[in-house]
Amino acid sequence: MKDQILVTGGTGYIGSHTSVELIEKGYEVVIIDNLSNSSIEVLDGIEKITGVRPAFEQFDLCEADKVKSFFQKYTGLKAIIHFAAFKAVGESVDQPLMYYQNNLISLMNLLRNMDEFGVKHLVFSSSCTVYGQPDELPVTENAPVKPAESPYGNTKQISEEIIRDNMQVKPELNTIALRYFNPIGAHSTSHIGELPRGVPNNLVPFVTQTAAGIRKELMVFGDDYNTPDGSAVRDYINVVDLAQAHVVAINRLLQKKNNSNFEFFNLGTGTGSSVLEVVKAFEKVTDQKLNYKIVDRRSGDIEKVWADTRVANEVLGWKAKRSLEDTLESAWNWEKKIRGIK
Ligand code: UFG
């Protein structure tokens, strides 16, 4: 019998790639998603890659009665990966209550039912946003959590605190929180990828949409940062590498290799790239010029951040493998596919 893993938000960007990796490693995947920021066709993509269509339940994790009915139906769950959450920084500033409501209530509903139904293992989708602008780079897991820059970031911090406090009274629970840096790219088959609604907030979808002619030009937010070329620096990690880290985390939980019941890992490449370096790398792999202009800094942006990956490398035994160029190429192939560009 295959171990059954619940993936909340499993039709989303990182959730879909993780579902593929789990299936390919022999897990049975069950997805919950309300499709608020994803599409049912993502299941077709997962099936095309793996030959398996995961079980799918469409509902909102904020609806406590539906969550309970789900746990009553699926009695064989071994672990949960909780992705389902709102994730747009700017939107969270405009609609803070919507973010707190959605991201925190859903988590608490899950934790309550995990306790009631005896599901002991959780992988939680966290973010490097918890570090703010770190005092030291690369940033380690021990860097202090800084006051959040946005309600979105605050929901990640509070979620980690909720999990930690709950574990004080539920020591049988085991959690791994994965703090992502900047996930980019798409599956190498181009059957799944990122599907931002409306105008993308994030750099790489904006770049690929500009190259596809959907956006007139990329705005590079600031060239006066204290960085080698003046543009802001991030740690861009391939989404498949990131997805594979989730499988490693699940293996670790199920094999009970974790030494404490709440562990944190930074998931990045360990290398920072500036916005202008990303633009240049994209131009190189696509062999075309990208329209862009330098504009003012975007409010709320930090100057630079990249991960210290030693703990993930040594303790999880996981390392990001794919290069920035290959990753940008995968993002471009995906954009071409969904736009019907040859
Ligand atoms: N950028 C541009 N032009 C754009 C979009 C982005 O120049 O059109 C720049 C940003 O200013 C930033 C870099 O590209 O310097 C990366 O921006 P993203 O929006 O892609 O990513 P962020 O680093 O701002 O945000 C990401 C995640 C958030 C998370 C945050 C934590 O998207 O969920 O990292 O630092 F909270």
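The values are calculated or read from the model by the stated rules, or taken from the named source; none is laboratory data. Being a predicted model, the structure only gives us computed values, none of them experimental. Every residue, glycine among them, receives a Cβ derived from its backbone with ideal geometry; neighbour counts consider all protein chains shown. Calculation scope for accessible area: heavy atoms of the full protein, side chains included, ligands and nucleic acids excluded. Shrake-Rupley method; radii C 1.70, N 1.55, O 1.52, S 1.80 Å.
Filter region 216-231 for residues that are within 8 Å of the ligand (Cβ to nearest atom) and either among the hydroxyl-bearing types (Ser, Thr, Tyr) or open to solvent by 10 Å² or more (accessible area, probe 1.4 Å) (or both) and give the result. Walk me through how you get there before you give the answer.
Filtering region 216-231 for residues within 8 Å of the ligand (Cβ to nearest atom) gives 218-222, 231.
Listed by number, the residues that qualify are MET219, PHE221, SER231.
Return the residues of region 152-184 that are open to solvent by 10 Å² or more (accessible area, probe 1.4 Å), in a helix (DSSP H, G or I) and of a type outside the set (Ser, Thr, Tyr); say none if nothing qualifies.
The answer is ASN154, LYS156, GLN157, ILE158, GLU161, ILE162, ARG164, ASP165, ASN166, MET167, GLN168, VAL169.
When both residues are 6+ apart or on different chains and their Cβ atoms are under 6 Å apart, which pairs have a first residue that lies in region 16-37 and is within 17 Å of ALA243 (Cβ to Cβ), and a second that is open to solvent by less than 30 Å² (accessible area, probe 1.4 Å) and small (Gly, Ala, Ser)?
HIS17/ALA243; THR18/ALA243; SER19/GLY10; GLU21/ALA243; VAL29/SER19; ILE31/GLY10; ASP33/GLY9; ASP33/GLY10
crowded, with 24+ Cβ neighbours inside 10 Å, under 26 Å from ILE237 (Cβ atoms) and of a type in the set (Gly, Ala, Ser): does that describe GLY26? Before the answer, list the steps.
Values: crowded, with 24+ Cβ neighbours inside 10 Å: no; under 26 Å from ILE237 (Cβ atoms): yes; of a type in the set (Gly, Ala, Ser): yes.
So GLY26 fails the test.
Rundown of residues vs (1) more than 20 Å from the chain's Cα centre (by Cα); (2) over 18 Å from SER126 (Cα atoms), yes/no style:
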| position | (1), (2) |
| --- | --- |
| THR155 | no, no |
| GLU161 | no, no |
| ASN166 | yes, no |
| LYS170 | yes, yes |
| ILE184 | no, no |
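Can you confirm whether VAL305 is among the hydrophobic types (A, V, I, L, M, F, W, C), out of contact with any helix residue (DSSP H, G or I) (no Cβ under 9 Å at 6 or more places or on another chain), within 21 Å of PHE282 (Cβ to Cβ) and within 15 Å of the ligand (Cβ to nearest atom)? Please lay out each step first, then the result.
Working: among the hydrophobic types (A, V, I, L, M, F, W, C): yes; out of contact with any helix residue (DSSP H, G or I) (no Cβ under 9 Å at 6 or more places or on another chain): no; within 21 Å of PHE282 (Cβ to Cβ): yes; within 15 Å of the ligand (Cβ to nearest atom): yes.
Taking the combined requirement at face value, the residue does not satisfy it.
Please give the helices (runs of 4 or more DSSP H) falling wholly within region 52-147 in which 2 or more residues are within 22 Å of the chain's Cα centre (by Cα) and of a type outside the set (S, T, N, Q).
Values: elements: 64-73, 89-94, 96-117.
Helices (runs of 4 or more DSSP H) meeting the threshold: 89-94, 96-117.
Please enumerate the residues belonging to region 210-220 that are farther than 26 Å from ARG322 by Cα and not in a loop (DSSP other than H, G, I, E, B). First the steps, then the outcome.
First, the residues of region 210-220 that are farther than 26 Å from ARG322 by Cα: 213-217, 219.
Correct list: MET219 only.
Which condition breaks for VAL93 when tested against (1) buried (at least 21 other Cβ atoms within 10 Å of the Cβ); (2) within 16 Å of the ligand (Cβ to nearest atom)?
Among (1) buried (at least 21 other Cβ atoms within 10 Å of the Cβ); (2) within 16 Å of the ligand (Cβ to nearest atom), the lone unmet condition for VAL93 is (1).
Among the residues of region 251-271, what is the count of those that are open to solvent by 20 Å² or more (accessible area, probe 1.4 Å) and of a type in the set (A, V, I, L, M)?
Looking only at that region, the number is 1.
Here's a check for you: in region 272-293, which residue that is open to solvent by 70 Å² or more (accessible area, probe 1.4 Å) and in contact (Cβ under 8 Å) with a residue 40 or more places away in the chain is nearest to the ligand (Cβ to nearest atom)?
Quick first cut of region 272-293, residues open to solvent by 70 Å² or more (accessible area, probe 1.4 Å) only: 277, 280, 284, 287, 289, 291-293.
Imposing the further condition that a residue be in contact (Cβ under 8 Å) with a residue 40 or more places away in the chain reduces the set to 277, 284, 291-293.
Details: GLU277: 11, LYS284: 18, ASN291: 12, TYR292: 8, LYS293: 10 Å.
Among those residues, the one meeting the criterion is TYR292.
Can you say whether LYS289 is out of contact with any Cys (no Cβ under 7 Å at 6 or more places or on another chain), of a type in the set (Lys, Arg) and over 21 Å from ILE338 (Cβ atoms), as far as the supplied structure shows? Spell out how you get there, then give the answer.
Values: out of contact with any Cys (no Cβ under 7 Å at 6 or more places or on another chain): yes; of a type in the set (Lys, Arg): yes; over 21 Å from ILE338 (Cβ atoms): yes.
So LYS289 fits the description; yes.
Given the condition hydrophobic (A, V, I, L, M, F, W, C) and at pLDDT below 95, answer yes or no: does some residue in region 77-86 qualify? Even if it seems obvious, please write down each step before you answer.
From region 77-86, those hydrophobic (A, V, I, L, M, F, W, C) are 77, 79-81, 83-86; that's our starting set.
Those still in the list that are at pLDDT below 95 too: none.
No - not one qualifying residue is present in region 77-86.
Scan VAL199, VAL248 and give me the residue that is away from the ligand (no atom under 16 Å from the Cβ) and open to solvent by 20 Å² or more (accessible area, probe 1.4 Å).
Numbers: VAL199 fails: away from the ligand (no atom under 16 Å from the Cβ).
The unique qualifying residue is VAL248.
Could you tell me whether SER106 is in contact (Cβ under 8 Å) with a residue 12 or more places away in the chain and within 16 Å of the ligand (Cβ to nearest atom)? Working first, answer last.
Working: in contact (Cβ under 8 Å) with a residue 12 or more places away in the chain: yes; within 16 Å of the ligand (Cβ to nearest atom): no.
When the stated conditions are applied, SER106 does not pass them.
Considering only residues that are of a type in the set (Lys, Arg) and at pLDDT below 95, look in region 251-271 and name the one that is farthest from the ligand (Cβ to nearest atom). Before you say what the answer is, go through the steps one by one.
Filtering region 251-271 down to residues of a type in the set (Lys, Arg) leaves 252, 256-257.
With the extra rule that they be at pLDDT below 95, the set shrinks to 256-257.
Working: LYS256: 31, LYS257: 28 Å.
For region 251-271, the residue satisfying everything is LYS256.
Within region 159-191, how many residues turn out to be more than 19 Å from ASP115 (Cα to Cα) and within 14 Å of the ligand (Cβ to nearest atom)? Lay out the reasoning, then the answer.
Initial filter on region 159-191 (more than 19 Å from ASP115 (Cα to Cα)): 178-191.
Retained after the next criterion (residues that are within 14 Å of the ligand (Cβ to nearest atom)): 178-185.
Going through region 159-191 one residue at a time, the tally reaches 8.
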